[in-house]
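Taking it in order: structure first as structure tokens, then the write-up.
Taken together, the values in this text are just the output of simple stated rules run on the coordinates, not laboratory data. Keep in mind the model is a prediction, meaning the values are calculated, not measured. Don't worry about glycine lacking a Cβ; one is built from the backbone with ideal geometry, like all the others, and counts go over all protein chains shown.
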């Protein structure tokens, strides 16, 4: 029995030491580094307005009023549900997807006062992979600008200037596409006045 205990003792000590190091010390050190070096990011990139948290710059949320820019459609639960984040999983030839895209395109054209045969940006009619995409394309934002300007009694030029001011450019100059964070842009519009 003593021989067994003598042989097990180093294993038990090793398990306890590594449990403390990897399960307690390492997470605490990395959390502390994150809080110091990347405070906003590790806390969810929260966006504040009037002293209150109104969302995260990393997550889309629904805006449907005409005086706001509208985000990409969401397939996450009943829409923008972080607990049900996912795409629709419908293939490009799926009749349900084709009907949804056609319906969204028609609604987008009507909502933005466009001709029935006008081209519509793909991000205006398809949901993102997560269903929570916080950005829309610059083309999508520019097509929505006249509607937003009219609803807010602002000039189109003033709204377009805000779109360009809130455009996030490609990562490292070559990764992805330019995009406009809908939440930040809508908050900037509220701050600019003309709420309609």
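Remarks
- Working from Cα pairs under 8 Å separated by at least six residues, relative contact order for the stretch 26-179 is 21 percent.
- Spin-label model, residue 117/residue 165: points 7 Å from Cα along the beta carbon direction are separated by 3.9 nm.
- Extension gain (nm, one decimal) between residue 48 and residue 106, 0.36 nm per residue minus Cα-Cα: 17.4 nm
- Degrees, to the nearest 10: 2-20 long Cα axis against longest axis of the chain: 30
- The Rg/Rh ratio of the stretch 119-187, with Rg taken over Cα atoms and Rh as the Kirkwood radius over Cα pairs, comes to 0.98.
- The modelled label-to-label distance between residue 32 and residue 89, using points 7 Å beyond Cα along the C-beta direction, is 4.3 nm.
- Mean residue ellipticity, 222 nm, helices only, the chain: the sum of -39500 (n - 2.57) across DSSP H runs of n ≥ 4, divided by residue count and rounded to 500, is -14000 deg cm²/dmol.
- Taking Cα atoms only, the orientation of helix 26-37 departs from the longest principal axis of the chain by about 40 degrees.
- The order of the peptides 96-102, 66-72 by mean Cβ neighbours within 10 Å, most packed first, is 66-72, 96-102.
- Applying 1/(1 + (r/R0)^6) with R0 = 30 Å to the Cβ-Cβ distance of residue 99 and residue 78 gives a FRET efficiency near 0.95.
- Prolate/oblate/rounded call for the stretch 45-192, Cα gyration tensor, a/c under 1.5 rounded: oblate
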